[in-house]
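A quick write-up on the structure given underneath.
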Amino acid sequence: MKILSLDLIAFGPFTKTAIDFSAGSEGLHMIYGANEAGKSSALRALRQLLYGIPERSTDGFVHPFSKMRVGGRLRSANGEVLEILRRKGRTRTLRAADDQTAIADSTLEAVLNGVDAGFFAAMFGIGYEDLVAGGREIVRGGGELGRLIFAAGSGLADLGTVRDGLQAEADALFRPAGQKQKINDAIGRLKQLRSGLKDAQLSGSEWARHDQALRAALQAKGGVEAKLAEAQRSLSRLQRFAEAVPVIADRRETLSVLKSLSDAVLLPVGFGERRIDALTRLRVAQNEQGLARASIAAIKKTLSELDDPSVLLRHADPIETLYQELGSQRKAAKDRIALESRRNMLRTEARQVLRSLRQDMALEDADTLRIKKPEAVRIQELGAEYERVVTRIESIREKIPEQEQAVASVDARLEDLPRPQPVDDLRRWLAEAGEVLPLEKQLASLHPQVRNLLQVCTQSKAHLGLNAASLSDDSRLAAPSIETVRVFEDRWDSLERRLASLKEDVRKAETDLSETERRLDESRLAQDVPAEADLATAREIRNRGWRLIRRTLHGETLDGVEVDEFSASFPGAGSLAEAFEASLRGADETADRLRREAERVAVKARLLSDRAAFHARLVKLGDEVAAAQSDKEAMRAEWVGIWQSLSITPRTPREMRQWLSDFNVLVDRAGDVWKREAEAAELTRAIDACRVALRRCLQKLSIPVGNEDALSALVQHARRVIENEDGLRRQAEGLSRERERLVGEVGAAKARLKILEEDQCRWQRQWAEAVRPLGLGAGTRPAEANAVMEELKSFFDKLREAEVLRQRVAGIDRDAEAFSSSVAALTCAVAPDLAGRPVEEAAAELQRRLTAAREVLSKRQALQQQFNQEQTKLRTADGISAEIESLLGVMCAEARCKRAEDLPEAERRSFQRRQLEEQLGRDEKRLILLCGGSALEGFINEASAVDPDGIGSDIERLKEEIGGLTAEKSLLDQTIGSARTELGRMDGGDEAARIAVEIQSILGGIERDVEHYARLRIAGRVLTLAMERFREKSQGPILRKASELFNRITCGSFEGLRAEQGPDGHPVLVGVRRQGKEAVAVEGMSDGTADQLFLSLRLAGLDHYLDANEPMPFIVDDILIKFDNARAAAALQALAELSGRTQVIVFTHHRHLAELAARDLPGSVLIEHHLN
Amino acid sequence: MFKFIHAADIHLDSPLLKLDAYEGAPAAEIRGATRRAFENLVRTAIEEAVAFVVIAGDLFDGDWKDYNTGLYLVSQVSKLREAGIPVVGVAGNHDAASTITRSLRMPENVHFFPSDRPDTLRLERLGVVLHGRSFGTPAVKTDLAQSYPSAAAGCFNVGVLHTCATGREGHEPYAPCSLETLRAKGYDYWALGHVHRREVLLDDPPVVFAGNTQGRHARETGAKGCYLVTVDDAGRPTLNFKALDVVRWEAATVDASGAENAYDLIDRFREALLSYLERAPDLLTVLRVTVAGETSAHDEILSDPERWMHEIRSATVDEAGERAWIEKVVFRTRPPAGARKPEGAVGELLALIDEFSAAPDVLSGLSSELADLAKKLPREFKEAPEAWRLDDPNRLKELLAEAKPMLMRRLLQDRRNP
């Protein structure tokens, strides 16, 4: 995938900022931005374009979340271009360039080729922190090779941290010898609970033991209680006997005294008191009788001395009535004087009023002046209407001249306005121009675009090595297809690999051969080792000697030449026998050496055979190399052939693939240029037509316009003219409307004045009619009429009041007359001696006499009542006296006495008898209590039989027995209590069950933790295995590439890298110096060197990845800031090299790095971008 | 007409298994669940004024030694005595193993059948005859029903038997018998015990497992209780199930198919939770939650299963308060098919995991990582129902599948948004 552009539409500090990444074959894009220029935001935008904007974005400080947008164009490995827009959100955040059409996530995923966000960040991104962390991890891990290779192959700098994290988390859960870890702790608690459970559980036998103890104690307690009851019974009986003995003796004494009083009459209780009371009451009654008789005689004498009041009392009511009226009469006489004087005053006032109205008229004739109510109301109404009518008329008369003045002013303004001109044609053409006007802008922007495109095309052609001839669509046909190039690329690569592999093989075979030769020389130099052939030769010589000897033994004469020939092999041997001996020894020695030096022999034999084999292999390889070379030549010829039509000398297929892609872009662009030029011509035509028409219209209206004026200028002119004309017309229309309104108002005011004047005449007539009864003329003003009416009202009110007073005086005179006649009549009937006395005096005297008569009557009635009372008292005293005497008689009979004087003796004897009988009763009651239910006589007999001297000791004995039994019972109660407590504790409680639940709860927790622990351990294990496996597979290529890069990036300070056996047997990575003689452990490297080692490994890992996978852009964030210039330049070179395989985007805010890159890297590779 | 109750497998004081307590979990509610269920049984018997109560074995847990449990039973059964209700039963395999039953003195309203022979109890007033035989030893492999007497004529005959019937998964094969044998006895009702899932094996005459009265672990789901049997004047029994449990176990499945992220799943879980709460509004519901299906949230969830389990628990506390408990959350989700895998070193890691998953013998090799832990684990862990061994390849395969997203998160995911 390649990123063609990044559009920072609304993201972080950016608004509509685009970065074009399309240039370059893959390209090393260096994005330079000073601090605060938004480098980090751009970097985030790039990643978030591909993988979404996170929920809590920090890039929403300018644009609200809802408006955040980042867009871009991506080209997939198969050349398809996808244009996308990313918004912030939870779902469906991917849209097409129109910001409307949704794009499925899967569409983008296809372009990303399955690389997810995490993997992208790890594998295809590296920042300064990653670099430092990676370097530190290398040192911390002691150069552990598996880890480093895995880190290089995955981009994961912090593998060790992840692995340690897994281990630490697992350790927090469980350790074999731990206590506090979660699982260890739970197991510990489980053990405690188990023991708690055991304690809480109640065994059946324990319960049975307590139950048994309780039952036994209860039974024993029953026995003790029975004995105790028996002893207490015996004790109680003896104690009763002891108590009864004195009582029995007392009883006997009482009975003997009672016998002597057997004839005494038992008088009822209170007999004596009754007797004394009767005698006292008799004496009181006799005294009362004497007093009553004396009183009766005195009352009779007083009554006979009093007068008779009956005549006066019969006339009591009339006398009292007259006396009451006397007060009223006196008050009325006084009122009459006041009333009379008030009446006279009113009549005088009325007369004065009348005189002010009508000088001539007498008081008695004044009634003709009275006016009716409706007439008065009419006068008031008309008076009120008068004010209204007059006010309105005056107001209208003032207004009419003002309005007429306003009409004249509007007429003058209308006259001053200029005449309008016809602009309809102009208006029509302006509308037309409105549509054409945007085309002018479009045209203006088209020209530079076309120019730019042409320039780009020219540059591209030069860059692609094409001649200056023009391009056409057919050009594309002349170029070979991308598939063809791919086929060649594959063939090319395969041939290259074949050749490289052959050369490697040749080199290896040659090395092996020279090594074999060297070792053969070595073995020869040491001591020539006998070969099997040497032994065979020695034996052949020996056999030849033996054959000669055997022939001599057979008596054959030997040829001297043969013998000499044989002996010659053994210098120093004098005879054949000696020679044979020497040959025998020689063969034996050779055989012995062969046996002794068998190993060396075998080595030598193998070396010899190896040498032969290497020779053969070298010959074969030479052939193969030649064949491969010739294949390559043939293919190269074919390759050049297919480019002839374009007059191009092709470079490698891989390069030409990019060339082809750029070529296609170029052809597309050329097509684009033609299309836009045609478009521009069309636009120019439409605009010109419109301009001519507008100019004509304006000139017709005498508006000065230039022939070259742009359409927009003409349109502006036209708009101004039309606006001007429209303004004039609107002004004239407004003034006309105003005049019309004012004229209408003048007319209306005049009409209204006429109506009001008519109203005034009508009112005048009605007014004259209304005031006539008041004796007033038509000219009278309403206020005057009202004053006259007020005066008249006052006059008539006074007259009415004077009349009322007159009637009241007449009534008073009538009442005085009636009173005098009533007094005279009564005096004649009751007290003739008063005849001739003044009325008031007579009435008062009568009243006084009536009062005296009433007092006499009251006195007589009181004396009569007193007399009756004294009579009643006398009768009562007589009754009481008789009653008491009869009572005393009865009492004597009861006490069997003849006279009342004998009664006290009888009372004394009765009292003595009663006391003795009561004493006897008490004794017997006590005995009955003591006998405890048995018959009294029996008990007395039984008690009398008991020995009074032995009873005390018996009681003591029984008390002791009871004490013993009580103690025994108390002991048993304690036993029962404790057994019951124990059993009560075993109450069916659920403590044990509760612990069991708790155990289960802990087990649940353990299960969860065990699963988590297992996951952690398995994850750790798998990770370690995967590292090892990846190392085995990829160590060779990654280490080779990393070694080379490390050499370059450290500027030769290190020759490279090498795997060595670590102290614990695992392979570790070391740096190599001084022709491989010095190995530097990673712990011995400086921080900077460790960083460079990490970078070398990362780039090597990426390189390895690209061998098997489609390219993805590699994002580099300012990693070189701590490198010195030489190393930074070397690192940039390495990145530039990588950019031949995949797009590399480098962010930096260090100007010197940007300058370094511009100085060292070819323009065809480095593409610079600046963020402002 | 009369009514009686058929219950079985009360397992008094048997704890609810492996309920890992967590913040907000209603820990007090789960204690004494079997006791409260038994109290519900006693209350139901009294309220329904039943003629008698039949208990078809396993009043106690075999290895439970607390005599308090027996005393508690006596106190409850005494309430039935005061209400004039006899209790008739057989000892089951657990009762035979229990030390409590040996010394426990039952009130006089309780009749347990002997173990040496089948016996018959006549309730003359009702015209009811009950036949039964207890377990004498914990493991009775013979068919006890064979020896039961034939039905008594003119009476309502009830057979009381602790049996696995024809065999039921998850239950010891004790006192096996066939339906033919039971039918042939001519009884009017067979009250069976031992199998904890209630089941009517035969309608006429009813041959019935009452199930246990209180579920005790995640596989004993749904309502638990007893049968209230009404026998009409013609001697025809009608069955009516009465729930007695106070804690209801349920297996809740949350379909993850198509869920876009983990929060979606939590929302789906909330819906499922509410539907379970509606089923038993007055009880505490214990849920084993299984999240299954193909979802793009798979990696998110499995990369940190502990966290998402806590999310589910806290959603439960939030929605249900003290009315629900999450026993366990099992994630059985799958990533969407067709997701491409990264290449290079990370690809090598993924390939290795896939390779391991496919090879049980290699997988067993991983168990060496867990050998230390295996030695230390308590016996309760190893003996529990659903216990798993740390060297079981199937389990290791599951764990490996779970470990994969976790590992990938640690390696890659945290870098997504620098």
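The values are calculated or read from the model by the stated rules, or taken from the named source; none is laboratory data. Since we're looking at a predicted model, the values are computed, not measured. As a convention, Cβ positions derive from the backbone with ideal geometry for all residues, glycine included, and neighbour counts pool all protein chains shown.
Taking first residues from the stretch A:112-126 that are within 7 Å of another protein chain (Cβ to nearest Cβ) and partners that are assigned to a loop (DSSP other than H, G, I, E, B) and buried (at least 22 other Cβ atoms within 10 Å of the Cβ), the Cβ contacts under 6 Å between residues at least 6 apart in sequence or on separate chains come to A:V115/A:M1112; A:G118/B:L412; A:F119/B:P342; A:F119/B:L412; A:A122/A:G155; A:A122/A:L156; A:A122/B:L412; A:M123/A:G155. Just wondering, is there one or more residues in the stretch A:192-206 that are basic (K, R), within 14 Å of chain B (Cβ to nearest Cβ) and surrounded by 13 or more Cβ atoms within 10 Å (Cβ to Cβ)? Yes, there is a match, as at least one residue in the stretch A:192-206 is basic (K, R), within 14 Å of chain B (Cβ to nearest Cβ) and surrounded by 13 or more Cβ atoms within 10 Å (Cβ to Cβ). Take the residues of the stretch A:134-160 that are facing chain B (nearest Cβ under 9 Å) and either touching a Lys or Arg at 6+ places or on another chain (Cβ under 6 Å) or part of a helix (DSSP H, G or I) (or both): which is surrounded by the most Cβ atoms within 10 Å (Cβ to Cβ)? Here the answer is A:A152. Of all the listed residues (A:D1124, A:D1117), the sole one being of a type in the set (D, E) and surrounded by 19 or more Cβ atoms within 10 Å (Cβ to Cβ) is A:D1117.
Might you let me know whether the stretch A:1136-1148 holds any residue that is out of contact with any helix residue (DSSP H, G or I) (no Cβ under 6 Å at 6 or more places or on another chain), surrounded by fewer than 20 Cβ atoms within 10 Å (Cβ to Cβ) and more than 25 Å from A:L6 (Cα to Cα)? Checked against the condition, which is being out of contact with any helix residue (DSSP H, G or I) (no Cβ under 6 Å at 6 or more places or on another chain), surrounded by fewer than 20 Cβ atoms within 10 Å (Cβ to Cβ) and more than 25 Å from A:L6 (Cα to Cα), the stretch A:1136-1148 yields no hits at all.
Could you look through the stretch B:60-75, keep only residues that are under 21 Å from the mean Cα position of the chain (by Cα) and either more than 14 Å from chain A (Cβ to nearest Cβ) or not hydrophobic (A, V, I, L, M, F, W, C) (or both), and pick out the one that is farthest from B:V158 (Cα to Cα)?
B:D63
Could you list, in sequence order, the residues of the stretch B:89-138 that are out of contact with any Asp or Glu (no Cβ under 8 Å at 6 or more places or on another chain), closer than 23 Å to B:L182 by Cα and in a strand (DSSP E or B)? Across the stretch B:89-138, the qualifying residues are B:G89, B:H111, B:F112, B:D119, B:T120, B:L121, B:R122, B:L123, B:V128, B:V129, B:L130. A:D98 fulfils the conditions (1) away from chain B (no Cβ under 12 Å); (2) without any contact (Cβ under 8 Å) to a residue 24 or more places away in the chain; (3) touching a Lys or Arg at 6+ places or on another chain (Cβ under 9 Å) except for a single criterion, (3). Cβ-Cβ distances below 6 Å connect the following pairs, each with a first residue in the stretch A:395-422 that is more than 17 Å from A:R741 (Cβ to Cβ), a second residue that is in a helix (DSSP H, G or I), and a separation of six or more residues or different chains: A:I396/A:A749; A:I396/A:R752; A:I396/A:L753; A:L417/A:A732; A:P420/A:E725; A:P420/A:L728; A:P420/A:R729.
Taken over the stretch A:1112-1135, the criterion of being closer than 22 Å to A:L6 by Cβ, at pLDDT 90 or above and not hydrophobic (A, V, I, L, M, F, W, C) is satisfied by A:P1113 alone. B:R270 meets each of the listed conditions (1) of a type in the set (D, E, K, R); (2) under 22 Å from B:L17 (Cα atoms); (3) more than 13 Å from chain A (Cβ to nearest Cβ) apart from (2). Restricting attention to the stretch B:376-392, the residues that are more than 8 Å from every other protein chain (Cβ to nearest Cβ) and either out of contact with any Leu (no Cβ under 9 Å at 6 or more places or on another chain) or farther than 13 Å from A:A1014 by Cβ (or both) add up to 9.
Taking A:T17, is it buried (at least 18 other Cβ atoms within 10 Å of the Cβ) and touching an Asp or Glu at 6+ places or on another chain (Cβ under 8 Å)? For A:T17, the condition - buried (at least 18 other Cβ atoms within 10 Å of the Cβ) and touching an Asp or Glu at 6+ places or on another chain (Cβ under 8 Å) - is met.
Residues in the stretch A:37-65 that are in contact with a Lys or Arg (Cβ under 9 Å, 6 or more places away or on another chain) and not aliphatic (A, V, I, L, M): 12 in all.
I need the full set of residues from the stretch A:1059-1094 which are surrounded by 15 or more Cβ atoms within 10 Å (Cβ to Cβ) and charged (D, E, K, R), in order please. If the condition is that a residue be surrounded by 15 or more Cβ atoms within 10 Å (Cβ to Cβ) and charged (D, E, K, R), then A:R1073, A:D1091 are the ones that fit. Scanning the stretch A:17-57 for residues being within 14 Å of chain B (Cβ to nearest Cβ), within 26 Å of A:L1120 (Cα to Cα) and outside any helix (DSSP H, G or I) gives a total of 0.
When the residues of the stretch A:174-185 are filtered to those that are buried (at least 17 other Cβ atoms within 10 Å of the Cβ) and at the interface with chain B (Cβ under 9 Å from one of its Cβ atoms), the one that is nearest to the chain's Cα centre (by Cα) is A:I183.
Scanning the stretch B:365-375 for residues that are within 8 Å of chain A (Cβ to nearest Cβ) and buried (at least 18 other Cβ atoms within 10 Å of the Cβ) yields B:L366, B:E369, B:L370, B:L373. Check the stretch A:1090-1098 and report whether any residue there is among the hydrophobic types (A, V, I, L, M, F, W, C) and not in a helix (DSSP H, G or I). No, the stretch A:1090-1098 has no match at all.
Determine which member of the set A:G964, A:G921, A:G952 is part of a helix (DSSP H, G or I), over 60 Å from the mean Cα position of the chain (by Cα), more than 15 Å from A:D250 (Cβ to Cβ) and modelled with pLDDT of 85 or more.
Criteria check complete, one pass: A:G964.
The set of residues in the stretch A:1044-1083 being touching a residue at least 12 places away in the same chain (Cβ under 8 Å), of a type outside the set (V, I, T) and part of a helix (DSSP H, G or I) consists of A:E1044, A:L1045, A:F1046, A:R1048, A:E1083. From the set of residues in the stretch A:277-307 that are surrounded by 13 or more Cβ atoms within 10 Å (Cβ to Cβ) and small (G, A, S), which is modelled with the lowest pLDDT? Applying the filter and picking the extreme gives A:A292. Of the residues A:S256, A:S262, the single one that is part of a loop (DSSP other than H, G, I, E, B), within 30 Å of A:L929 (Cα to Cα) and without any contact (Cβ under 8 Å) to a residue 24 or more places away in the chain is A:S262.
Would you check if there is a residue in the stretch A:975-993 being modelled with pLDDT of 90 or more, in a loop (DSSP other than H, G, I, E, B) and more than 8 Å from chain B (Cβ to nearest Cβ)? For the stretch A:975-993, residues modelled with pLDDT of 90 or more, in a loop (DSSP other than H, G, I, E, B) and more than 8 Å from chain B (Cβ to nearest Cβ): absent. Scanning the stretch B:336-354 for residues that are more than 7 Å from chain A (Cβ to nearest Cβ) and either in contact (Cβ under 8 Å) with a residue 60 or more places away in the chain or loosely packed, with under 15 Cβ neighbours inside 10 Å (or both) gives B:P336, B:A337, B:G338, B:A339, B:D354.
Of all the listed residues (A:E169, A:E225), the sole one being part of a helix (DSSP H, G or I) and under 60 Å from the mean Cα position of the chain (by Cα) is A:E169.
With respect to B:D9, is the statement that it is within 14 Å of the chain's Cα centre (by Cα) and either within 18 Å of B:K224 (Cβ to Cβ) or within 14 Å of chain A (Cβ to nearest Cβ) (or both) true? In short, yes. Counting the residues of the stretch A:372-431 that are closer than 30 Å to A:Q699 by Cβ and in a helix (DSSP H, G or I) gives 9.
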